[in-house]
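The values are calculated or read from the model by the stated rules, or taken from the named source; none is laboratory data. The structure presented is a predicted model; accordingly, all values stated were derived computationally and were not measured. All Cβ positions, even for glycine, are placed from backbone atoms using ideal geometry, and neighbour counts span all protein chains on display.
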Amino acid sequence: MDVSEAIRKRCSVRQFRNVIIPDDVLHMILEAARWAPSPFNTQPWEFIIIKEKETLKAISKYARYSGYLSEAPMAIAVIVPPINSKFSWVESIGEPGFAAAMAVQNMMLAAWEMGIGSCWVSIEREKVAKILNVPDTHFVLTVIPLGYPETMPSEHDDKLRKKTEDSTHYEMYGKKVTK
Ligand SMILES: Cc1cc2nc3c(=O)[nH]c(=O)nc-3n(C[C@H](O)[C@H](O)[C@H](O)COP(=O)(O)O)c2cc1C
């Protein structure tokens, strides 16, 4: 599968077979994160591999629309450590968070290429940080369930996506023609 096919075909998976993915496959997914871009190559991401059912269940209580997290065979919590940058705004996740999100996309695409589904799950980060013993200085960005899809989701409906021309401007905001 090439990159454009993975980008085009990947979709969020929320129901999984009850099978833990092999360690070497998991390693390849984590490895994909290493190559994401980051400010000054600071690589502000850490991961917690979660396979304990009780932990998944506890986290799912603080996850948006995501009771299914408790049924997933495993998940990766994405943790963002602080970095020293004037662009790391204290009141928001800032640049390190963007970089960690890019690492997540790399992992999602690498997983998809190997037949493994995933989904970004938004969580109440302070509650989840407590469950996972993450220090206050760090930010829990998301928890990503991972596994072989129970059924293959149908392909994306082109009509449900914004058209490229609708989200593209030329030279100035609002200018929709190239000349
Ligand atoms: C920042 C972000 C937050 C999301 N939060 C949730 C979530 O809390 N629960 C969930 O089931 N899916 C969540 N999603 C997945 C989106 O619903 C999904 O990506 C979107 O509907 C497009 O579908 P696709 O991933 O199949 O292309 C989130 C995705 C992103 C990028």
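Here Leu109 does not qualify as at pLDDT 95 or above, away from the ligand (no atom under 14 Å from the Cβ) and touching a helix residue (DSSP H, G or I) at 6+ places or on another chain (Cβ under 9 Å). Note on segment 13-130: enclosed helices (runs of 4 or more DSSP H) holding 3 or more residues that are in contact with a strand residue (DSSP E or B) (Cβ under 6 Å, 6 or more places away or on another chain), touching a residue at least 40 places away in the same chain (Cβ under 8 Å) and aliphatic (A, V, I, L, M) are 94-113. Quick check on Ala6: is it in a helix (DSSP H, G or I) and in contact with an Asp or Glu (Cβ under 7 Å, 6 or more places away or on another chain)? Considered against the rule, which asks whether it is in a helix (DSSP H, G or I) and in contact with an Asp or Glu (Cβ under 7 Å, 6 or more places away or on another chain), Ala6 comes out as yes. In segment 18-38, the condition of being in contact with a Leu (Cβ under 9 Å, 6 or more places away or on another chain), modelled with pLDDT of 95 or more and within 16 Å of the ligand (Cβ to nearest atom) is met by no residue.
Checked against the criterion of being within 16 Å of the ligand (Cβ to nearest atom) and either farther than 19 Å from Gln105 by Cβ or surrounded by fewer than 16 Cβ atoms within 10 Å (Cβ to Cβ) (or both), segment 46-59 has at least one qualifying residue. If the condition is being more than 14 Å from the ligand (Cβ to nearest atom) and within 18 Å of Thr55 (Cα to Cα), then segment 128-145 contributes Ala129, Lys130, Ile131, Leu132, Asn133, Val134, Pro135. Condition test on Asp157, is it over 14 Å from the mean Cα position of the chain (by Cα) and within 11 Å of the ligand (Cβ to nearest atom)? Yes: the conditions hold for Asp157.
When segment 116-148 is filtered for residues that are under 16 Å from the mean Cα position of the chain (by Cα) and of a type in the set (Gly, Ala, Ser), the ones remaining, listed by number, are Gly117, Ser118, Ser122, Gly147.
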